[in-house]
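Asks: I am attaching a structure below and will ask some questions about it afterwards.
A short reminder: the numbers here are calculations on the coordinates, not readings from a lab. Note that the structure is predicted; figures quoted are calculated from it, not measured. Note: ideal-geometry Cβ built from the backbone for every residue, glycine included; neighbour counts use all protein chains shown.
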Amino acid sequence: MPLAKDLLHPTLDFERRQHKKKRLVQNPNSYFMDVKCTGCYKITTVFSHAQTVVLCVGCATVLCQPTGGKARLTEGCSFRRKH
């Protein structure tokens, strides 16, 4: 009797919904990102699950604020996910 789903080749959507430890290949949910300040256009590297307020090194404006999980970027800040 064949299985209803293939355990060796799960879909990408199924893998994203899995817990980070229960995936076929374990990998974290967190990442680093480059955030560009809206005032002085300097780029700062920020952790996605930062637990402290991150300030711009050039003009000291707030780039992101911590929440319960991921950090919330301020309005208007652009970001790029690092690999």
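Asks: Tell me which lysines have Cα within less than 26 Å of Lys42's Cα, excluding those fewer than 8 residues away on the same chain?
Replies: Cα-Cα hits under 26 Å: Lys70, Lys82.
Asks: Now, a different point. Would you calculate a helix-derived [θ] at 222 nm for the chain, using -39,500 (n - 2.57) for each DSSP H run of n ≥ 4 and dividing by the full residue count, to the nearest 500?
Replies: Calculated at 222 nm, the ellipticity per residue is -1500 deg cm²/dmol.
Asks: Work out, step by step, the length gained on full extension between Phe47 and Lys82: first 0.36 nm times the residue separation, then minus their alpha carbon distance; give nm to one decimal.
Replies: Net length gain for the segment: 11.6 nm.
Asks: What is the chain's relative contact order, in percent, from Cα pairs under 8 angstrom and six or more apart in sequence?
Replies: Rounded, it is 24 percent for the chain.
Asks: Under 16 Å Cα to Cα from Lys22, which aspartates and glutamates show up? Leave out anything in the same chain fewer than 8 places away.
Replies: Filter leaves Asp6, Asp13.
Asks: Quickly rank 3-10, 23-30, 41-48 as a protection proxy: mean count of other C-beta atoms within 10 Å, highest first.
Replies: 41-48, 23-30, 3-10
Asks: What number comes out for the charge environment of Arg80, summing +1 per Lys or Arg and -1 per Asp or Glu over other residues with Cβ under 12 Å away?
Replies: Charge balance near Arg80 sits at +2.
Asks: What nm distance separates the two modelled labels at Arg72 and Tyr31, each placed 7 Å from Cα along Cα→Cβ?
Replies: It works out to 2.2 nm between the two label points.
Asks: Around Thr61, under 12 Å between beta carbons, what's the net of Lys plus Arg minus Asp minus Glu among the other residues?
Replies: Once all neighbours under 12 Å are counted, the net charge is +1.
Asks: Same structure again: Give the share of C-alpha pairs in each 5 angstrom bin for the chain, from 0 to the last occupied bin, in whole percents, shortest bins first.
Replies: 3, 14, 19, 17, 12, 10, 8, 7, 5, 3, 2, 1, 0, 0
Asks: Pop a pseudo-label 7 angstrom from the Cα along the beta-carbon direction at both Ala4 and Val62 and give the gap in nm to one decimal.
Replies: Distance between label points: 4.7 nm.
Asks: Taking every Cα atom in region 20-66, find the radius of gyration and the maximum pairwise distance Dmax, and write them in Å.
Replies: 13.9, 44
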